[in-house]
1. Amide H to amide H under 5 Å from Q110: which residues, 5+ apart in sequence or cross-chain, H placed 1.01 Å off N in plane?
2. At 222 nm, what value in deg cm²/dmol follows for the chain if DSSP H runs of at least 4 each add -39500 (n - 2.57) and the sum is divided by all its residues, to the nearest 500?
3. Based on Cβ point charges of +1 for Lys and Arg and -1 for Asp and Glu, what charge dipole magnitude is obtained for region 66-221 about its Cα centre, in debye rounded to the nearest 20?
4. What ranking do D187, D280 get, fewest neighbouring Cβ atoms within 10 angstrom at the top?
5. Taking 0.36 nm per residue of separation and subtracting the Cα-Cα distance, what length does fully extending R289 through D155 add?
6. Any chance you could tell me what percent of the C-alpha pair distances in the chain go past 32 Å?
7. Can you run the Rg to Rh ratio on region 198-300? Use alpha carbon positions and the Kirkwood inverse-distance Rh.
8. Filter K4/K215; K22/K218; K215/K254; K260/K304; K22/K152 down to the pairs with a C-alpha to C-alpha distance above 32 Å, please.
Amino acid sequence: MSYKAEYIWIDGTAPTAKLRSKTRILADGAPLPDWGFDGSSTNQAQGHASDRVLKPVFRCPDPIRGGDHLLVLCEVYNTDGTPHESNTRALLRQVAERFAPQEPIFGIEQEYTFFEGNRPLGFPENGYPAPQGGYYCGVGADEIFGREIVEKHLDNCLAAGLGISGINAEVMPGQWEFQVGPLAPLDVADQLWVARWLLYRTAEDFGVSATLEAKPVKGDWNGAGAHTNFSTRAMREGYDPIITACEALGADGKPLEHVKQYGSGIESRLTGLHETAPWDEYRYGVSDRGASVRIPWQVEVEKKGYIEDRRPNANVDPYVVTRLIVDTCCTALER
Ligand code: ADP
Ligand code: MN
Ligand code: MN
Ligand code: MN
Ligand code: MN
């Protein structure tokens, strides 16, 4: 007998990479082999030397196909054995290993927007729906669009064994969120990428697409972010390290270095009018959802816990945001 392995990888599309996948039939019990693909079709090679290599790094049950079938997340390599330049996971591996003794963990809140044709799910054919106000965590057919897809996606993530920790309807109609974590840096990022693939794949069967675009509707409509919650063991045990981490993220040059790599279209979302401080300002505060970095109120009460970086866009690469935060905060905490 045989099983189907869906090899998934991240391509070289700029400014925001896309997920790609293809299926390999393997004999029962056979190990997952390295595989290849045509990099000239994914912005990962020129036509004259287009072979690129897929190296399996994370696997889980395939909840779409069921049975013994697998989803297989891969890193992309060149044929000379070096990581491809689009392979941001290879960079995170090094940083995660270096700071593993501090036991960093992340919970990432993935916001996204459903589209049917060229408009968000729930938007009328002409004009706009009622202004924002009732949609966030709403209930009822006048406020909620796509719940059947969201529920199916949640079930699929659970069946795959992913560390998904919740879902909620968001501020704009057709906009939703799921959370992955808390998990170690590589785990949260791998599982978020697979959860994204499952989102697209699940919605596909409903004739709906999902986008991670940061500002899918211009004007007075919320953007889509990927709040990144972070702690180290020391932060989970005391308050001084919480402040050290917040200060480290605001040190000279750091806010811009981070924000530039927090996803494409960051200026369109971090205007200062909606979810967070403007992209070119850095501010942290307790319970402050207008700040760049929020210390949750119960963290201040208990004098330990975690911080929330509210700046990353929905389309951020989780391998990049986790690497930057671990590097910046754990370097400061090491001192
Ligand atoms: P919000 O109130 O900002 O909407 P959510 O409940 O959507 O918050 O997401 C909070 C995320 O923070 C969850 O993914 C949760 O697992 C994660 N989290 C909780 N505790 C920690 C911690 N100590 N370190 C890192 N992440 C954490
Ligand atoms: Mn072919
Ligand atoms: Mn949330
Ligand atoms: Mn949210
Ligand atoms: Mn949040």
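1. Amide H neighbours of Q110: F178, Q179, V180.
2. Calculated from helices alone, the mean residue ellipticity at 222 nm is -8000 deg cm²/dmol.
3. The calculated dipole for region 66-221 is roughly 220 debye.
4. So the ranking, lowest neighbour count to highest, is D280, D187.
5. 45.2 nm
6. 31
7. 1.05
8. The answer is K4/K215; K22/K218.
Bear in mind that the values in this text are calculations on the coordinates, not laboratory data. Here the structure is a predicted model, which means the values were calculated and not measured. Cβ coordinates were reconstructed from backbone atoms using ideal geometry, including for glycine residues, and neighbour counts include every protein chain displayed.
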